[in-house]
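Novice: Below is the structure I would like to discuss, written out as structure tokens.
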Amino acid sequence: MTEARVTAPPRLGQEEGRQLITEVKARAGKGGDVVIDLGNTQEMDSLGGACLVDTALIVKRRNGAFRIENARGPVAEFIEMIEPALHPPPPRPKPEDSTFVEIGGKALRYVGEVGEFLALCFDAFYWTIIAPFEGRGFRWGIFVDEVLEMGVRAVRIVFLMNFLLGLIIAMLSAAQARGFGITIYVADLVMIGFARELAAIMTAVVVSARTGAAIAAEIATMKVQEEIDAMRGMGLSTSQFLVAPKVLALSVSLPCLMTIGLVAGILGGCVWGVFVLGFPPSVWLDETLGAAHLSDLMQGYLKTLFFAIAIALIGCHNGFRVTGGSRGVGLMTTRAVVMDIFVMICIDIVFAAIFYYVLGR
């Protein structure tokens, strides 16, 4: 193995250190050892010592050995001070976590996230319901803007999706009912299905993909740009300005959108029943209205209210938890939509169990 011996100048400063690094790079090949002779060096400053540390790192990256010889007097004392930087100990291998450690770590992270979500729920409840009655104010201007964005601008897509779904449900159910001669009961099926389930679920899914993602992206962008930290630094409550108006606006908008979705779904089924199945509009309408029950409508509207609260809180929660830059914003937006749909299914299961097994409906 080759060994390059380099003699340092009498004074080792920044310029001399750079020249030393250049000489070592030129003379030391890959895997070659380097010896720095400091026998002639009488003076060395901190910049010269930093250059020696850089030289040692360069040699080690080339898989060579680095050592210093013949240092005397103050230079030797200085070399002794920077010895740990010249010859750092090898890094300790990171111990592998056991399965129980990994499970415990994930469990602690989930528990911490649940705690943060519950704290956000309590803050939202306080600033939405309690704080206005204590004279602490509510951001009504932001509330109106949110209703316009979440509700009014979603009317067309909600109407279209539910209309098409009603058309499809009537089409598929009529094909089965025709064999039994009960195609008129397709009107009952569409009415009950949309009142109890389809209008609430379809509207909530559309709003989740449209509004839930927008809430998460908006707050996540503010977090990345440190606007959230600026608000907290000024003593402003993020729940008052960002969370409470969104929760109340979506709680008002989503039941209204569900009503539009219900009408659109029934209209879609009516189009198929009148123009394809050949029933008179009055007959189809009478059958539809005869199948409408208050309990079915109440079930759909109660679901919608809980869906609205869940979508708003989950979007805000994921927005506040963002880390990183623009990639983190995209990941949290996607996570918010997935969590929205999962939580809506869980809420739907709970309501189904209550209405069908407890209330007998």
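Laboratory data are not the source of any read-out in this text; all were calculated from the coordinates shown. Note that the structure is predicted; figures quoted are calculated from it, not measured. Don't worry about glycine lacking a Cβ; one is built from the backbone with ideal geometry, like all the others, and counts go over all protein chains shown.
Novice: Can you work out which of the residues in region 241-299 that are of a type outside the set (Val, Ile, Thr) and not in a helix (DSSP H, G or I) is surrounded by the most Cβ atoms within 10 Å (Cβ to Cβ)?
Specialist: First, the residues of region 241-299 that are of a type outside the set (Val, Ile, Thr): 241-242, 244-246, 248-251, 253-258, 261-262, 264-265, 267-270, 272-273, 275, 277-282, 284-287, 289-299.
Going one step further and asking which of them are not in a helix (DSSP H, G or I), we end up with 277-280, 291-293.
Details: LEU277: 17, GLY278: 8, PHE279: 19, PRO280: 10, ALA291: 17, ALA292: 14, HIS293: 14.
By that ranking, first place goes to PHE279.
Per-residue answers, yes or no, for (1) among the aromatic types (Phe, Trp, Tyr); (2) under 20 Å from THR128 (Cβ atoms); (3) in a helix (DSSP H, G or I):
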site	(1), (2), (3)
LEU198	no, no, yes
MET202	no, no, yes
ALA216	no, yes, yes
ALA220	no, no, yes
MET231	no, yes, yes
TYR301	yes, yes, yes
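Novice: Let me ask another. Among the residues of region 164-180, is any aromatic (Phe, Trp, Tyr) and exposed (fewer than 15 other Cβ atoms within 10 Å of the Cβ)?
Specialist: Let us first name the residues in region 164-180 that are aromatic (Phe, Trp, Tyr), namely 180.
Restricting the remaining residues to those that are exposed (fewer than 15 other Cβ atoms within 10 Å of the Cβ) gives 180.
There is at least one residue in region 164-180 that is aromatic (Phe, Trp, Tyr) and exposed (fewer than 15 other Cβ atoms within 10 Å of the Cβ).
Novice: Across region 109-135, what is the number of residues that are more than 13 Å from THR238 (Cα to Cα) and in contact (Cβ under 8 Å) with a residue 12 or more places away in the chain?
Specialist: Counting residues in region 109-135 that are more than 13 Å from THR238 (Cα to Cα) and in contact (Cβ under 8 Å) with a residue 12 or more places away in the chain gives 4.
Novice: How about region 256-269: which of its residues are within 34 Å of the chain's Cα centre (by Cα), within 15 Å of ARG196 (Cβ to Cβ) and not polar (S, T, N, Q)? Walk me through it before giving the result.
Specialist: Going through region 256-269, the residues within 34 Å of the chain's Cα centre (by Cα) turn out to be 256-265.
Checking the rest, the ones that are also within 15 Å of ARG196 (Cβ to Cβ) come to 258-259, 261-262, 265.
MET258, GLY261, LEU262, GLY265, listed by residue number.
Novice: For region 50-82, name all the residues that are in a helix (DSSP H, G or I), in contact with a Leu (Cβ under 8 Å, 6 or more places away or on another chain) and not hydrophobic (A, V, I, L, M, F, W, C).
Specialist: Across region 50-82, the qualifying residue is only THR55.
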